[in-house]
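Structure, as structure tokens:
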Amino acid sequence: MFEVAVICLVLTALLAYVNHRFVGLPTTIGVMAVALLLSLGLIGLDRLGFGSLRQYETTLLQSIDFSDLLMQGMLSVLLFAGALHIDLSQLRSYRWPVGLLAVFGTALSTVIVGYGLYVALPWLGFELSLGYCLVFGALISPTDPIAVLGILKSAGAPDSVKLVVSGESLFNDGVGVVLFSILLSAALQDTPPSVADAGLLLLKEAGGGLLLGGLLGALLFYLLRSINNYQVEVLLTLAGVLGGYELAHALHVSGPLAMVVAGLIVGNQGRALAMSDTTRHHVDLFWELLDEIFNAVLFVLLGLEIVMVVFNGPVLLAATVAIVIALAARWLAVGVPVAAFGHSFNLPDGAWKLLTWGGLRGGISVALVLSLPSGPARDLLLSMTYAVVVFSILVQGTTIKRLVQRVMAGNA
């Protein structure tokens with residue numbers, strides 16, 4: 001496993017260099033694009049009779065449990081690091097749009113995508129149960145703020161939009177994972193859960209995750225406040241994140257939500273009241289570097305994963321339909337409410353466009369679909385998920401800056 005980790009890290013560093021030196025895209029988008037081109041090149045060589053390199057890549061990827069790597073390892077770090085720099089006082093000002101979009105927006109998007117696919121797929125020659133269509137809706141609805149936040153910042157997007165995008169994305173990861181678990185259980189049992197059972201499971205996982213995150217954040221705050229040694233304090237935050245996520249898994253509560261809440265507490269009360277200037281500097285620098293490294297590795301793996309995905313004519317058509325439905329669901333679940341109530345939410349004109357087009361999908365969607373049981377349904381959902389994620393990052397991610405500038409020009 002150490003050898004695989006070294007290979008991934010070396011490859012990520014090389015692709016990050018190539019992107020920075022020759023391509024010039026934001027790091028996460030750039031390394032994924034270069035990795036994708038590299039994989040497509042190896043597929044082309046394989047068809048010309050030079051298949052050894054593609055076989056090596058396939059063997060490497062098969063040795064990595066991508067779902068376990070992200071869901072049980074990287075996600076805790078990424079969510080904590082993302083929440084660490086969210087201003088809680090500002091987030092409270094936008095608690096209603098963030099909460100409504102993260103919870104009800106994700107749930108509504110899940111339903112729209114699920115039923116949309118259930119109606120559309122038979123026209124394309126595919127039979128997929130409603131349960132699995134809704135599972136796809138749950139795994140594709142959570143958004144990934146990593147790639148777009150840097151672009152929104154560099155383009156001069158309003159702080160309110162950046163805050164809502166980041167807040168919604170941090171919380172809807174946890175909501176999406178809980179919905180995915182409920183709907184997958186129902187799909188495998190082929191019987192819909194009762195409203196009471198689903199509500200109880202949602203309360204246990206989501207409520208338990210929020211409670212655990214609060215307790216973990218309070219514990220870290222107490223420990224950080226009781227000493228003044230930045231090496232030990234950095235180590236405490238790392239141990240709290242990794243250990244707290246494992247504890248959430250053991251207690252069957254939402255680890256993602258726990259990490260977000262703990263990150264908000266440490267990033268606000270902890271940074272202001274429990275850290276010296278020196279400690280604050282080192283904690284911020286440590287988590288920023290960890291966040292950047294993990295994100296780069298994650299997006300490289302996403303680019304390489306194309307060799308594991310099967311595409312043919314009908315599947316490509318189904319993937320295209322999935323992209324359209326996912327965008328339509330994002331617009332209906334997020335864009336329309338923001339357009340209707342944007343001024344009540346204290347958001348600028350045109351914010352609905354940025355929130356709709358800036359809702360990028362990322363690694364969590366791929367990790368969830370890879371956790372499905374093997375079979376034809378998983379293969380189809382994997383192809384559609386990968387298509388939506390690649391379109392989201394490479395098309396939406398590279399055009400959002402121009403959209404920001406156009407919206408800002410319209411508001412000038």
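The values are calculated or read from the model by the stated rules, or taken from the named source; none is laboratory data. Not measured: the values here are computed from a predicted model. A quick note on method: Cβ atoms are made from the backbone with ideal geometry, for glycine too, and the neighbour counts reach across all protein chains shown.
The helices (runs of 4 or more DSSP H) located wholly in the stretch 30-110 that include 2 or more residues which are under 18 Å from G359 (Cα atoms) and within 19 Å of the chain's Cα centre (by Cα) occupy 75-84, 95-100. The listed residues are L60, L48, and the only one of them that is touching a Cys at 6+ places or on another chain (Cβ under 9 Å) and either of a type in the set (S, T, Y) or surrounded by fewer than 20 Cβ atoms within 10 Å (Cβ to Cβ) (or both) turns out to be L60. How do the helices (runs of 4 or more DSSP H) wholly within the stretch 250-363 filter down when requiring 2 or more residues that are hydroxyl-bearing (S, T, Y): which remain? Passing ranges, in order: 277-304. Scanning the stretch 205-247 for residues that are of a type in the set (S, T, Y) and either within 17 Å of L79 (Cα to Cα) or part of a loop (DSSP other than H, G, I, E, B) (or both) gives S226, T237, Y245. Within the stretch 24-62, the only residue that satisfies the criterion of being farther than 19 Å from E3 by Cβ and aromatic (F, W, Y) is F50. Residues in the stretch 328-360 that are modelled with pLDDT of 90 or more and not hydrophobic (A, V, I, L, M, F, W, C): R330, G335, P337, K353, T356. Just one of (1) surrounded by 14 or more Cβ atoms within 10 Å (Cβ to Cβ); (2) aromatic (F, W, Y); (3) assigned to a helix (DSSP H, G or I) fails for F126. It is (3). The listed residues are S383, S365, and the only one of them that is at pLDDT 90 or above, in contact with a Pro (Cβ under 8 Å, 6 or more places away or on another chain) and surrounded by 16 or more Cβ atoms within 10 Å (Cβ to Cβ) turns out to be S365. If the condition is being over 15 Å from I393 (Cβ atoms) and either surrounded by 15 or more Cβ atoms within 10 Å (Cβ to Cβ) or touching a residue at least 40 places away in the same chain (Cβ under 8 Å) (or both), then the stretch 19-45 contributes L38, L40, L42, I43. Report, by residue number, each residue of the stretch 24-50 that is touching a helix residue (DSSP H, G or I) at 6+ places or on another chain (Cβ under 7 Å) and of a type in the set (G, A, S). The answer is G30, A33, A35, S39. Would you point out which residue out of A206, A218, A187, A258 is surrounded by 24 or more Cβ atoms within 10 Å (Cβ to Cβ) and touching a residue at least 40 places away in the same chain (Cβ under 8 Å)? So the residue among A206, A218, A187, A258 that is surrounded by 24 or more Cβ atoms within 10 Å (Cβ to Cβ) and touching a residue at least 40 places away in the same chain (Cβ under 8 Å) is A258. A single entry from F2, F104 fulfils the requirement of being exposed (fewer than 15 other Cβ atoms within 10 Å of the Cβ) and either in contact with a Lys or Arg (Cβ under 6 Å, 6 or more places away or on another chain) or closer than 30 Å to N346 by Cβ (or both): F104.
Going by what's in this entry, would S76 be described as more than 21 Å from F345 (Cα to Cα) and crowded, with 22+ Cβ neighbours inside 10 Å?
Judged against the criteria, S76 is a match.
Taking the conditions exactly as written (within 23 Å of L60 (Cβ to Cβ) and β-branched (V, I, T)), does V297 satisfy them or not? Answer is yes for this residue.
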